[in-house]
Amino acid sequence: MNDRLTQVIIGEKNVTEKKNFVWNMVGSGIFSFVSMALSLCVIQIAGEKVGGVFSIAVTISQMMLYIAFFELRTFLVTDTNRKYTFSQYHGAKILTCTAMMFVSIAYVLVKKYVPYKAVVIILMCLYRMIDGYADIYEGEFQLNGKLYLSGKSMTFRSVLSAIALIVTLAISKNIVLSILLAIIVSFICVIIFNINIAKYYGKIKPDCRWNNVKSILYECFPFFIGAFLWVYILSASRIAVDNNMSSQSMSYYQVLFMPVSIVNLFATFFFRPALTSLSELYYGNEEKKFIKKIVLLLTMIMAFTVICVIGAYILGISALSLISGCDLHAYRKLLIILMIAGGINSASFFMYYILTIMRKAKSILIGYITSAIITAVISNKFVEMKGLEGAAFSFLVTVIYLFLYFMISFVRKMIKRSKNHGRVGN
């Protein structure tokens with residue numbers, strides 16, 4: 001039965017680029033959509049107060065998730081020379097997932113949340129940790145040209161666990177019980193769609209020997225710091241709203257922030273499948289093709305952002321008010337600010353991946369550390385002065401700075417590389 005189910009999931013042996021692209025698009029889309037939809041559903045079913053608590057739990061868990069990620073997948077899919085084995089990456093992943101939960105508990109204790117809010121946050125962190133663990137298998141599938149398996153994994157895990165949470169909440173009105181059921185379903189999906197599939201292709205037993213794990217973590221650490229600070233930048237304005245305003249205001253801001261995730265999502269569609277080929281172009285000394293592909297992807301991200309901004313201006317507030325049950329008509333300007341910031345943020349995140357391929361760890365660290373300092377300084381002050389609009393402006397200011405810094409770092413590196421080679425491209 002197990003083998004038969006595994007064969008059904010794997011499907012035909014012939015893997016096309018179209019199949020990989022479509023399943024990755026579906027999986028990434030549903031994964032991101034579910035994150036947004038869960039907050040909306042909780043607000044609708046349990047009310048704005050519980051929805052506000054759940055929204056900040058989602059925000060914090062997404063931030064903690066990057067400890068579990070530790071950028072191991074990004075490093076894995078660009079490790080085309082196979083410096084490390086999957087077992088070694090797997091051993092490192094177990095350590096980062098464990099670290100995520102310790103840090104999550106410590107964060108809750110330091111913040112001194114009331115017990116109910118603390119439990120909801122910790123459970124959401126556990127729920128997202130499972131996504132962090134599955135990520136290493138999905139990276140291995142991608143490296144081996146089977147990105148469609150990653151898409152299937154994200155699709156079924158996201159949908160089934162979300163259904164478990166929403167149905168349980170609708171019946172019981174108990175958010176804690178609902179998240180617990182979602183955790184169980186998500187774990188079962190990892191066994192079926194990740195562990196069993198990976199076993200079919202080879203050994204997956206983790207190599208937890210410290211020397212091997214330490215070496216991987218050491219190489220990934222600068223990129224992890226960058227990614228973690230990126231998600232902190234993405235979360236800082238929402239945390240500032242939670243610190244300074246009511247749970248109801250947190251619900252409103254979370255709903256208004258959701259379209260930002262749509263821009264990020266489609267940006268990921270454009271560039272994630274291209275990471276391995278971009279790496280091959282760069283290390284194959286095909287600079288002209290490398291730059292041309294980067295310009296094309298940035299243009300696609302910006303074009304989609306313009307479309308989203310126009311759509312948000314015409315229909316955004318009415319649509320968000322309808323699906324959330326909140327009256328958001330006073331926040332049209334705020335939504336436009338967030339959409340523009342979302343597009344710039346997506347472009348800066350893409351440039352982060354480019355600098356990762358180029359192994360520009362120092363530039364990534366400096367960019368994210370300085371951006372995090374900026375947002376830490378201005379977020380609470382802007383919220384105190386201008387409320388939700390101040391939160392949106394703090395996000396916009398930070399991502400503009402980060403994008404400009406990454407672009408300057410990229411251009412300087414390419415100029416230096418061109419001089420060293422005495423040519424640009426072949």
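Read-outs: derived from the displayed coordinates by stated rules, not from any lab. What you are looking at is a predicted structure, and each value in this text was computed from that prediction instead of being measured. Note that each Cβ is placed from the backbone with ideal geometry, even for glycine, and that neighbours are counted across all protein chains shown.
Here r is the Cβ-Cβ distance between THR370 and GLU280 and R0 is 22 Å; the resulting FRET efficiency, rounded to 0.05, is 0.10.
Whole-Hz Karplus values for the range 118-134 come out as 4, 5, 4, 5, 5, 5, 5, 5, 5, 4, 6, 4, 4, 4, x, 5, 4 Hz, taken residue by residue from phi with 6.51 cos²θ - 1.76 cosθ + 1.60 and θ = phi - 60°; glycine and proline positions read x.
Using C-alpha pairs under 8 Å with a sequence gap of at least 6, the mean separation divided by the residue count of the range 310-388 gives a relative contact order of 19 percent.
When each of the peptides 64-70, 90-96 is scored by how many other beta carbons lie within 10 Å of its residues on average, the order from highest to lowest is 64-70, 90-96.
Any idea what log10 I(q)/I(0) is at q = 0.07, 0.09, 0.10 Å⁻¹ for the chain, Debye with uniform C-alpha scatterers and no solvent? The Cα Debye sum returns log10 ratios of -0.33, -0.55, -0.69. A full extension of the chain between MET101 and SER318 corresponds to an added length of 74.3 nm, given 0.36 nm per residue minus the alpha carbon distance. With the simple spin-label model, which puts each label point 7 Å out from Cα in the Cβ direction, the LYS112 to LYS381 separation comes to 2.5 nm. For the pair PHE221 and CYS208, the difference between a 0.36 nm per residue extended length and the Cα-Cα distance amounts to 2.9 nm.
State which entries of LYS117/LYS333; LYS18/LYS83; LYS146/LYS199 exceed 21 angstrom in Cα-Cα distance in the structure shown. Provide the component values of the computation, followed by the final result.
On the way: LYS117/LYS333 31 Å; LYS18/LYS83 29 Å; LYS146/LYS199 14 Å.
Over 21 Å Cα-Cα: LYS117/LYS333; LYS18/LYS83.
Summary value for the range 351-426: 33 percent relative contact order, contacts being C-alpha pairs under 8 angstrom separated by 6+ residues. With 28 Å as the limit, the listed pairs LYS93/LYS293; LYS152/LYS292; LYS292/LYS362 have LYS93/LYS293; LYS152/LYS292 beyond it between alpha carbons. What is the sum of charges, Lys and Arg at +1 and Asp and Glu at -1, for the other residues whose Cβ falls under 10 Å from the Cβ of TRP23? Result for the neighbourhood of TRP23: +4.
With the highest mean first, a sort of the peptides 48-61, 233-246 on other beta-carbon atoms found within 10 angstrom per residue produces 48-61, 233-246.
Within the shell of other residues whose beta carbon sits under 15 angstrom from the beta carbon of CYS220, the net charge comes to +3, with Lys and Arg scored +1 and Asp and Glu -1.
For the chain, calculate the relative contact order in percent as a whole number, restricting contacts to Cα pairs under 8 Å that are 6 or more residues apart. For the chain, the relative contact order is 21 percent.
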